[in-house]
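Report on the following structure.
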Amino acid sequence: DTPRPGVGLDALPLRENLRGKSAYGAPQLEVPVQLNTNENPHPPSAALVADIAEAVSAAAADLNRYPDRDAVDLRTDLAAYLTRQTGVELDVDMVWAANGSNEILQQLLQAFGGPGRSAMGFVPSYSMHPILAAGTDTEWIPVDRGADLAIDVEAALAAIAGHRPDVVFLTTPNNPTGHVIELDDLRRLIDAAPGIVVVDEAYAEFSPSPSACTLLAEYPAKLVVSRTMSKAFAFAGGRLGYFAADPSFVDAVLLVRLPYHLSVIAQAAAAAALRHADETLASVALLAEERKRVTAGLESLGYDVLPSEANFVLYGPFVDAPRAWRRYLDAGVLIRDVGIPGRLRATIGLESENDRLLQVSAELAGTEI
Ligand code: PMP
(Lines give C-alpha, C1' and ligand atoms only; values in the text may rest on other atoms or scores of the structure.)
Protein backbone atom coordinates (compact mmCIF):
# COMPACT_ATOMS: atom_id res chain seq x y z
CA ASP A 1 0.00 0.00 0.00
CA THR A 2 1.33 3.43 -0.94
CA PRO A 3 1.19 6.09 1.78
CA ARG A 4 -1.67 8.50 1.14
CA PRO A 5 -1.20 12.25 1.05
CA GLY A 6 -2.86 14.53 3.58
CA VAL A 7 -3.33 14.56 7.34
CA GLY A 8 -4.88 11.09 7.46
CA LEU A 9 -8.45 10.08 8.11
CA ASP A 10 -7.91 9.83 11.87
CA ALA A 11 -7.27 13.58 11.99
CA LEU A 12 -10.76 14.32 10.65
CA PRO A 13 -13.96 14.55 12.71
CA LEU A 14 -15.46 11.61 10.79
CA ARG A 15 -18.78 10.16 11.98
CA GLU A 16 -18.11 7.43 14.59
CA ASN A 17 -19.79 4.64 12.66
CA LEU A 18 -17.56 5.22 9.62
CA ARG A 19 -14.29 4.99 11.57
CA GLY A 20 -12.19 1.97 10.66
CA LYS A 21 -14.41 1.08 7.68
CA SER A 22 -13.01 0.17 4.25
CA ALA A 23 -14.25 1.69 1.00
CA TYR A 24 -15.69 -0.52 -1.76
CA GLY A 25 -12.60 -1.68 -3.53
CA ALA A 26 -12.87 -4.02 -6.49
CA PRO A 27 -9.42 -3.51 -8.06
CA GLN A 28 -9.52 -1.66 -11.40
CA LEU A 29 -6.46 -2.97 -13.22
CA GLU A 30 -5.53 -3.03 -16.89
CA VAL A 31 -5.08 -6.73 -17.61
CA PRO A 32 -5.87 -8.74 -20.75
CA VAL A 33 -8.67 -10.80 -19.18
CA GLN A 34 -11.02 -8.93 -16.83
CA LEU A 35 -13.39 -11.25 -15.07
CA ASN A 36 -13.84 -9.48 -11.76
CA THR A 37 -16.89 -7.22 -11.71
CA ASN A 38 -19.60 -9.30 -13.37
CA GLU A 39 -19.95 -7.10 -16.41
CA ASN A 40 -21.28 -8.33 -19.73
CA PRO A 41 -18.10 -8.90 -21.81
CA HIS A 42 -19.86 -8.11 -25.12
CA PRO A 43 -19.39 -4.44 -26.01
CA PRO A 44 -22.37 -2.53 -27.45
CA SER A 45 -22.93 -3.06 -31.18
CA ALA A 46 -21.95 -0.34 -33.65
CA ALA A 47 -25.67 0.34 -34.23
CA LEU A 48 -26.25 0.81 -30.50
CA VAL A 49 -23.22 3.07 -30.14
CA ALA A 50 -24.53 5.17 -33.04
CA ASP A 51 -28.01 5.38 -31.51
CA ILE A 52 -26.62 6.44 -28.15
CA ALA A 53 -24.42 9.06 -29.81
CA GLU A 54 -27.41 10.45 -31.72
CA ALA A 55 -29.66 10.47 -28.66
CA VAL A 56 -27.01 12.14 -26.51
CA SER A 57 -26.27 14.66 -29.23
CA ALA A 58 -29.96 15.62 -29.44
CA ALA A 59 -30.18 15.80 -25.65
CA ALA A 60 -27.07 17.99 -25.52
CA ALA A 61 -28.96 20.78 -27.29
CA ASP A 62 -30.95 21.24 -24.06
CA LEU A 63 -28.12 20.92 -21.56
CA ASN A 64 -28.74 24.44 -20.27
CA ARG A 65 -31.98 23.07 -18.77
CA TYR A 66 -32.32 20.61 -15.91
CA PRO A 67 -33.45 17.09 -16.86
CA ASP A 68 -36.93 15.70 -16.27
CA ARG A 69 -36.63 15.26 -12.50
CA ASP A 70 -38.89 12.23 -12.53
CA ALA A 71 -37.44 10.62 -15.68
CA VAL A 72 -40.96 9.73 -16.79
CA ASP A 73 -40.11 8.73 -20.38
CA LEU A 74 -37.26 6.48 -19.29
CA ARG A 75 -39.32 4.92 -16.50
CA THR A 76 -42.08 4.23 -19.02
CA ASP A 77 -39.57 2.40 -21.22
CA LEU A 78 -38.16 0.49 -18.23
CA ALA A 79 -41.68 -0.53 -17.17
CA ALA A 80 -42.38 -1.85 -20.68
CA TYR A 81 -39.11 -3.78 -20.70
CA LEU A 82 -39.66 -5.25 -17.24
CA THR A 83 -43.20 -6.24 -18.13
CA ARG A 84 -41.86 -8.13 -21.14
CA GLN A 85 -39.00 -9.69 -19.19
CA THR A 86 -40.97 -10.81 -16.14
CA GLY A 87 -44.47 -11.31 -17.55
CA VAL A 88 -45.79 -9.08 -14.76
CA GLU A 89 -47.82 -6.06 -15.86
CA LEU A 90 -45.98 -2.98 -14.55
CA ASP A 91 -46.62 0.64 -15.39
CA VAL A 92 -44.57 3.78 -15.00
CA ASP A 93 -45.93 4.55 -11.51
CA MET A 94 -44.41 1.31 -10.24
CA VAL A 95 -40.91 1.88 -11.58
CA TRP A 96 -38.22 4.23 -10.28
CA ALA A 97 -34.76 4.83 -11.77
CA ALA A 98 -31.42 6.07 -10.45
CA ASN A 99 -27.68 6.01 -11.16
CA GLY A 100 -27.09 2.30 -10.85
CA SER A 101 -28.90 -0.01 -8.48
CA ASN A 102 -26.40 1.09 -5.83
CA GLU A 103 -28.16 4.46 -5.78
CA ILE A 104 -31.53 2.71 -5.79
CA LEU A 105 -30.52 0.72 -2.69
CA GLN A 106 -29.09 3.83 -1.04
CA GLN A 107 -32.32 5.77 -1.62
CA LEU A 108 -34.32 2.90 -0.12
CA LEU A 109 -32.09 2.91 2.97
CA GLN A 110 -32.34 6.68 3.24
CA ALA A 111 -36.12 6.37 3.29
CA PHE A 112 -36.59 3.16 5.27
CA GLY A 113 -33.35 2.77 7.26
CA GLY A 114 -31.37 5.42 9.09
CA PRO A 115 -30.46 6.08 12.74
CA GLY A 116 -32.27 3.73 15.11
CA ARG A 117 -33.21 1.39 12.28
CA SER A 118 -31.64 -1.84 11.04
CA ALA A 119 -31.07 -3.76 7.83
CA MET A 120 -30.43 -7.51 7.60
CA GLY A 121 -28.62 -9.44 4.91
CA PHE A 122 -27.65 -13.09 4.43
CA VAL A 123 -23.91 -13.29 3.97
CA PRO A 124 -21.80 -13.74 2.00
CA SER A 125 -23.75 -11.49 -0.33
CA TYR A 126 -23.24 -8.21 -2.18
CA SER A 127 -20.59 -6.25 -0.31
CA MET A 128 -22.25 -2.87 -0.92
CA HIS A 129 -25.29 -3.70 1.23
CA PRO A 130 -23.39 -3.18 4.52
CA ILE A 131 -21.48 -0.20 3.10
CA LEU A 132 -24.74 1.51 2.10
CA ALA A 133 -26.13 0.69 5.55
CA ALA A 134 -23.10 2.36 7.18
CA GLY A 135 -23.41 5.38 4.90
CA THR A 136 -27.04 5.90 5.95
CA ASP A 137 -26.31 5.11 9.62
CA THR A 138 -28.49 2.02 9.47
CA GLU A 139 -27.49 -0.79 11.84
CA TRP A 140 -26.27 -3.74 9.75
CA ILE A 141 -27.27 -7.25 10.86
CA PRO A 142 -25.40 -9.95 8.92
CA VAL A 143 -26.80 -13.47 9.15
CA ASP A 144 -24.69 -16.37 7.93
CA ARG A 145 -25.88 -18.52 5.04
CA GLY A 146 -25.76 -22.30 5.43
CA ALA A 147 -22.58 -24.38 5.14
CA ASP A 148 -23.27 -24.75 1.39
CA LEU A 149 -23.55 -20.93 1.17
CA ALA A 150 -27.20 -21.17 0.05
CA ILE A 151 -29.64 -19.22 2.20
CA ASP A 152 -30.70 -21.29 5.23
CA VAL A 153 -34.39 -20.39 5.24
CA GLU A 154 -35.15 -21.66 8.76
CA ALA A 155 -32.17 -19.77 10.21
CA ALA A 156 -33.18 -16.70 8.20
CA LEU A 157 -36.75 -16.84 9.52
CA ALA A 158 -35.46 -17.17 13.08
CA ALA A 159 -33.08 -14.22 12.60
CA ILE A 160 -35.86 -12.05 11.16
CA ALA A 161 -38.15 -12.95 14.07
CA GLY A 162 -35.37 -12.32 16.60
CA HIS A 163 -34.08 -8.98 15.29
CA ARG A 164 -37.15 -7.57 13.55
CA PRO A 165 -35.09 -5.61 11.00
CA ASP A 166 -36.66 -2.61 9.27
CA VAL A 167 -35.14 -3.66 5.94
CA VAL A 168 -34.33 -7.18 4.72
CA PHE A 169 -32.04 -7.63 1.71
CA LEU A 170 -32.49 -10.80 -0.33
CA THR A 171 -30.18 -11.18 -3.32
CA THR A 172 -31.28 -13.62 -5.99
CA PRO A 173 -29.30 -14.82 -7.86
CA ASN A 174 -26.93 -14.08 -5.01
CA ASN A 175 -23.62 -12.37 -5.55
CA PRO A 176 -21.07 -13.97 -5.02
CA THR A 177 -22.54 -17.48 -4.79
CA GLY A 178 -24.99 -17.56 -7.73
CA HIS A 179 -27.76 -19.25 -5.71
CA VAL A 180 -31.39 -18.36 -6.29
CA ILE A 181 -34.19 -18.25 -3.71
CA GLU A 182 -37.32 -20.20 -4.66
CA LEU A 183 -40.58 -18.20 -4.78
CA ASP A 184 -42.10 -20.22 -1.92
CA ASP A 185 -39.11 -19.45 0.26
CA LEU A 186 -39.32 -15.79 -0.74
CA ARG A 187 -42.96 -15.75 0.36
CA ARG A 188 -42.09 -17.21 3.76
CA LEU A 189 -39.30 -14.67 4.24
CA ILE A 190 -41.48 -11.73 3.18
CA ASP A 191 -44.32 -12.96 5.43
CA ALA A 192 -41.89 -13.00 8.37
CA ALA A 193 -40.38 -9.56 7.70
CA PRO A 194 -41.87 -6.79 9.84
CA GLY A 195 -40.59 -4.03 7.55
CA ILE A 196 -39.70 -3.87 3.89
CA VAL A 197 -37.97 -6.52 1.82
CA VAL A 198 -35.63 -5.48 -0.97
CA VAL A 199 -35.07 -8.29 -3.44
CA ASP A 200 -31.86 -7.44 -5.29
CA GLU A 201 -32.24 -8.98 -8.75
CA ALA A 202 -29.14 -7.47 -10.37
CA TYR A 203 -28.52 -10.78 -12.18
CA ALA A 204 -32.12 -11.80 -12.89
CA GLU A 205 -31.80 -11.91 -16.68
CA PHE A 206 -29.19 -14.67 -16.41
CA SER A 207 -31.58 -16.91 -14.47
CA PRO A 208 -34.54 -18.93 -15.73
CA SER A 209 -36.19 -18.65 -12.29
CA PRO A 210 -39.28 -16.41 -11.95
CA SER A 211 -38.76 -12.82 -10.80
CA ALA A 212 -39.91 -11.62 -7.39
CA CYS A 213 -41.96 -9.12 -9.44
CA THR A 214 -44.56 -11.90 -9.59
CA LEU A 215 -45.10 -11.30 -5.84
CA LEU A 216 -45.54 -7.52 -6.00
CA ALA A 217 -49.34 -7.68 -6.05
CA GLU A 218 -49.33 -9.94 -2.97
CA TYR A 219 -47.07 -7.66 -0.92
CA PRO A 220 -47.67 -4.06 -2.03
CA ALA A 221 -46.61 -2.50 1.27
CA LYS A 222 -43.51 -4.63 1.76
CA LEU A 223 -41.78 -5.70 -1.42
CA VAL A 224 -39.35 -3.80 -3.63
CA VAL A 225 -37.53 -5.50 -6.52
CA SER A 226 -34.26 -3.88 -7.51
CA ARG A 227 -32.76 -4.27 -10.99
CA THR A 228 -29.89 -2.88 -13.01
CA MET A 229 -28.82 -2.31 -16.61
CA SER A 230 -25.18 -2.90 -15.53
CA LYS A 231 -25.03 -6.67 -15.97
CA ALA A 232 -27.12 -8.43 -18.62
CA PHE A 233 -27.76 -5.10 -20.37
CA ALA A 234 -24.06 -4.43 -20.92
CA PHE A 235 -24.56 -0.87 -19.66
CA ALA A 236 -22.35 -0.80 -16.54
CA GLY A 237 -20.67 2.40 -17.67
CA GLY A 238 -24.04 4.08 -18.26
CA ARG A 239 -25.05 3.76 -14.58
CA LEU A 240 -28.71 2.93 -14.64
CA GLY A 241 -30.55 0.99 -11.96
CA TYR A 242 -34.25 0.82 -11.20
CA PHE A 243 -36.80 -0.73 -8.93
CA ALA A 244 -40.32 -2.09 -9.29
CA ALA A 245 -42.74 -1.74 -6.38
CA ASP A 246 -46.09 -0.33 -5.39
CA PRO A 247 -46.35 3.35 -6.48
CA SER A 248 -46.11 4.47 -2.83
CA PHE A 249 -42.47 3.33 -2.76
CA VAL A 250 -41.82 5.83 -5.53
CA ASP A 251 -43.45 8.51 -3.33
CA ALA A 252 -41.09 7.43 -0.53
CA VAL A 253 -37.86 7.75 -2.50
CA LEU A 254 -39.00 11.10 -3.93
CA LEU A 255 -38.52 12.41 -0.38
CA VAL A 256 -34.81 11.52 -0.32
CA ARG A 257 -33.55 11.58 -3.89
CA LEU A 258 -31.46 14.52 -5.03
CA PRO A 259 -33.37 16.69 -7.49
CA TYR A 260 -32.28 16.02 -11.09
CA HIS A 261 -30.22 13.01 -9.98
CA LEU A 262 -30.41 11.38 -13.43
CA SER A 263 -28.69 13.58 -16.00
CA VAL A 264 -30.20 14.37 -19.39
CA ILE A 265 -27.30 12.41 -20.87
CA ALA A 266 -27.89 9.32 -18.74
CA GLN A 267 -31.63 9.33 -19.47
CA ALA A 268 -31.09 9.66 -23.22
CA ALA A 269 -28.39 6.99 -23.34
CA ALA A 270 -30.38 4.51 -21.25
CA ALA A 271 -33.49 4.99 -23.40
CA ALA A 272 -31.39 4.30 -26.50
CA ALA A 273 -29.91 1.18 -24.89
CA LEU A 274 -33.41 -0.05 -24.04
CA ARG A 275 -34.42 0.21 -27.69
CA HIS A 276 -31.76 -2.41 -28.40
CA ALA A 277 -32.79 -4.69 -25.54
CA ASP A 278 -33.52 -7.75 -27.67
CA GLU A 279 -30.20 -7.63 -29.46
CA THR A 280 -28.22 -6.98 -26.24
CA LEU A 281 -29.99 -9.67 -24.29
CA ALA A 282 -29.21 -12.25 -26.96
CA SER A 283 -25.73 -12.32 -25.43
CA VAL A 284 -27.25 -13.47 -22.14
CA ALA A 285 -28.08 -16.87 -23.60
CA LEU A 286 -24.50 -17.18 -24.87
CA LEU A 287 -23.15 -16.31 -21.43
CA ALA A 288 -25.41 -18.88 -19.77
CA GLU A 289 -24.01 -21.51 -22.16
CA GLU A 290 -20.48 -20.38 -21.36
CA ARG A 291 -21.25 -20.59 -17.64
CA LYS A 292 -22.14 -24.26 -18.15
CA ARG A 293 -18.94 -24.84 -20.09
CA VAL A 294 -16.75 -23.08 -17.49
CA THR A 295 -18.46 -24.94 -14.66
CA ALA A 296 -17.90 -28.30 -16.36
CA GLY A 297 -14.30 -27.36 -17.17
CA LEU A 298 -13.51 -26.35 -13.60
CA GLU A 299 -15.21 -29.46 -12.25
CA SER A 300 -13.20 -31.69 -14.56
CA LEU A 301 -10.07 -30.09 -13.08
CA GLY A 302 -11.26 -31.13 -9.63
CA TYR A 303 -12.68 -27.79 -8.46
CA ASP A 304 -15.93 -27.55 -6.57
CA VAL A 305 -18.22 -25.00 -8.28
CA LEU A 306 -21.34 -23.61 -6.62
CA PRO A 307 -24.53 -23.93 -8.70
CA SER A 308 -24.91 -20.48 -10.30
CA GLU A 309 -27.79 -18.82 -12.16
CA ALA A 310 -25.77 -15.63 -12.65
CA ASN A 311 -22.91 -14.58 -14.93
CA PHE A 312 -20.20 -15.71 -12.53
CA VAL A 313 -19.12 -18.78 -10.60
CA LEU A 314 -17.69 -19.16 -7.10
CA TYR A 315 -15.28 -22.03 -6.91
CA GLY A 316 -12.44 -23.61 -4.96
CA PRO A 317 -11.06 -24.93 -2.77
CA PHE A 318 -7.76 -23.07 -2.68
CA VAL A 319 -5.40 -23.47 0.25
CA ASP A 320 -4.68 -19.75 0.08
CA ALA A 321 -7.25 -17.85 -2.02
CA PRO A 322 -5.44 -14.46 -1.96
CA ARG A 323 -2.28 -16.18 -3.23
CA ALA A 324 -4.19 -18.04 -5.92
CA TRP A 325 -5.88 -14.75 -6.93
CA ARG A 326 -2.41 -13.23 -7.36
CA ARG A 327 -1.31 -16.17 -9.53
CA TYR A 328 -4.30 -15.63 -11.84
CA LEU A 329 -3.42 -11.92 -12.01
CA ASP A 330 0.22 -12.66 -12.81
CA ALA A 331 -1.09 -14.80 -15.68
CA GLY A 332 -3.16 -11.85 -16.94
CA VAL A 333 -6.52 -12.97 -15.57
CA LEU A 334 -8.22 -10.65 -13.09
CA ILE A 335 -10.85 -12.47 -11.02
CA ARG A 336 -12.23 -11.62 -7.58
CA ASP A 337 -11.23 -12.55 -4.08
CA VAL A 338 -14.47 -11.83 -2.23
CA GLY A 339 -12.99 -12.72 1.15
CA ILE A 340 -14.48 -16.21 1.38
CA PRO A 341 -11.74 -18.53 2.64
CA GLY A 342 -10.57 -20.95 -0.05
CA ARG A 343 -12.81 -19.63 -2.83
CA LEU A 344 -12.60 -17.20 -5.73
CA ARG A 345 -15.25 -15.73 -8.01
CA ALA A 346 -14.84 -15.52 -11.76
CA THR A 347 -17.16 -13.60 -14.07
CA ILE A 348 -18.12 -15.43 -17.25
CA GLY A 349 -16.41 -13.67 -20.14
CA LEU A 350 -16.01 -14.17 -23.87
CA GLU A 351 -15.17 -17.68 -25.03
CA SER A 352 -11.47 -16.86 -25.41
CA GLU A 353 -11.36 -15.25 -21.96
CA ASN A 354 -13.01 -18.27 -20.41
CA ASP A 355 -10.50 -20.52 -22.19
CA ARG A 356 -7.72 -18.51 -20.58
CA LEU A 357 -9.40 -18.79 -17.16
CA LEU A 358 -9.60 -22.55 -17.57
CA GLN A 359 -5.99 -22.73 -18.75
CA VAL A 360 -4.68 -20.91 -15.68
CA SER A 361 -7.01 -22.94 -13.47
CA ALA A 362 -5.51 -26.11 -14.94
CA GLU A 363 -1.99 -24.88 -14.18
CA LEU A 364 -2.97 -24.09 -10.59
CA ALA A 365 -4.87 -27.34 -10.12
CA GLY A 366 -1.59 -29.22 -10.24
CA THR A 367 -0.01 -27.12 -7.47
CA GLU A 368 -0.34 -26.72 -3.71
CA ILE A 369 -2.31 -23.50 -3.85
N1 PMP B 1 -26.60 -5.66 -6.62
C2 PMP B 1 -25.76 -6.66 -6.80
C3 PMP B 1 -26.11 -7.99 -6.23
C4 PMP B 1 -24.57 -6.47 -7.51
O5 PMP B 1 -23.71 -7.49 -7.66
C6 PMP B 1 -24.28 -5.19 -8.04
C7 PMP B 1 -23.02 -4.91 -8.83
N8 PMP B 1 -21.91 -5.60 -8.51
C9 PMP B 1 -25.19 -4.17 -7.80
C10 PMP B 1 -26.35 -4.44 -7.10
C11 PMP B 1 -24.96 -2.75 -8.22
O12 PMP B 1 -24.76 -2.55 -9.52
P13 PMP B 1 -25.06 -1.17 -10.23
O14 PMP B 1 -24.94 -0.07 -9.22
O15 PMP B 1 -24.04 -1.09 -11.29
O16 PMP B 1 -26.46 -1.28 -10.74
Pair list, Cβ under 6 Å, 6 or more apart: segment 184-212 residue among the polar types (S, T, N, Q), other residue within 15 Å of the ligand (Cβ to nearest atom): Ser207/Pro173; Ser207/Val180; Ser207/Glu309; Ser209/Val180; Ser211/Ala204
Qualifying residue in segment 124-146 (condition: within 14 Å of Ala193 (Cβ to Cβ) and of a type in the set (Asp, Glu)): no
Some residue of segment 91-111 being away from the ligand (no atom under 13 Å from the Cβ) and part of a loop (DSSP other than H, G, I, E, B): yes
Some residue of segment 132-155 being hydroxyl-bearing (Ser, Thr, Tyr) and within 10 Å of the ligand (Cβ to nearest atom): no
Subset of segment 112-129 (residues that are more than 21 Å from Arg15 (Cα to Cα), within 13 Å of the ligand (Cβ to nearest atom) and touching a strand residue (DSSP E or B) at 6+ places or on another chain (Cβ under 6 Å)): Gly121, Phe122, Val123, Ser125, Tyr126
Those residues of segment 111-127 which are closer than 19 Å to Ala23 by Cα, open to solvent by 10 Å² or more (accessible area, probe 1.4 Å) and in contact with a Ser or Thr (Cβ under 9 Å, 6 or more places away or on another chain), in sequence order: Pro124, Ser125, Tyr126
Residue list for segment 26-62, filter: more than 30 Å from Asp355 (Cβ to Cβ) and either of a type in the set (Ser, Thr, Tyr) or in a helix (DSSP H, G or I) (or both): Ala50, Asp51, Ile52, Ala53, Glu54, Ala55, Val56, Ser57, Ala58, Ala59, Ala60
Scope segment 23-57; condition touching a helix residue (DSSP H, G or I) at 6+ places or on another chain (Cβ under 7 Å) and more than 16 Å from the ligand (Cβ to nearest atom); matching residues: Val31, Val33, His42, Ser45, Leu48, Asp51, Ile52, Ala55, Val56
All positions within segment 246-260 that are touching a Phe, Trp or Tyr at 6+ places or on another chain (Cβ under 8 Å) and within 16 Å of the ligand (Cβ to nearest atom): Val253
Residue satisfying all of: in segment 160-172; part of a loop (DSSP other than H, G, I, E, B) and surrounded by fewer than 24 Cβ atoms within 10 Å (Cβ to Cβ); nearest to the ligand (Cβ to nearest atom) among these: Asp166
Residues located in segment 63-90, provided they are within 16 Å of the ligand (Cβ to nearest atom) and in a loop (DSSP other than H, G, I, E, B): Ala71
Index of the failed condition, Ala346 passing every other in (1) surrounded by fewer than 21 Cβ atoms within 10 Å (Cβ to Cβ); (2) not in a helix (DSSP H, G or I): (1)
Hits in segment 289-307 (condition: of a type outside the set (Lys, Arg), in contact (Cβ under 8 Å) with a residue 24 or more places away in the chain and either more than 21 Å from Tyr126 (Cα to Cα) or open to solvent by less than 20 Å² (accessible area, probe 1.4 Å) (or both)): Glu290, Val294, Gly297, Leu298, Leu301, Gly302, Tyr303, Leu306
Residue match in segment 216-232 (condition: within 18 Å of the chain's Cα centre (by Cα) and free of Cβ contacts under 8 Å to residues at least 40 places away in the same chain): yes
Selection within segment 316-343 - open to solvent by 10 Å² or more (accessible area, probe 1.4 Å) and outside any loop (DSSP other than H, G, I, E, B): Pro322, Arg323, Trp325, Arg326, Arg327, Leu329, Asp330, Arg336
Qualifying residue in segment 304-315 (condition: in a helix (DSSP H, G or I) and not hydroxyl-bearing (Ser, Thr, Tyr)): no
Some residue of segment 250-267 being part of a loop (DSSP other than H, G, I, E, B) and open to solvent by less than 10 Å² (accessible area, probe 1.4 Å): yes
Residue in segment 201-215 that is nearest to the ligand (Cβ to nearest atom), counting only those that are within 21 Å of Arg291 (Cα to Cα) and surrounded by 19 or more Cβ atoms within 10 Å (Cβ to Cβ): Ala202
Residues of segment 323-351 that turn out to be under 23 Å from the mean Cα position of the chain (by Cα) and without any contact (Cβ under 8 Å) to a residue 24 or more places away in the chain, as a count: 3
Matching residues, segment 308-322, being hydroxyl-bearing (Ser, Thr, Tyr) and in contact (Cβ under 8 Å) with a residue 60 or more places away in the chain: Ser308
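The values are calculated or read from the model by the stated rules, or taken from the named source; none is laboratory data. Computed from a prediction, not measured in an experiment: that's the story for all the values here. Note that each Cβ is placed from the backbone with ideal geometry, even for glycine, and that neighbours are counted across all protein chains shown. Heavy atoms of the whole protein, side chains included, go into the accessibility calculation; ligands, DNA and RNA do not. Shrake-Rupley method; radii C 1.70, N 1.55, O 1.52, S 1.80 Å.
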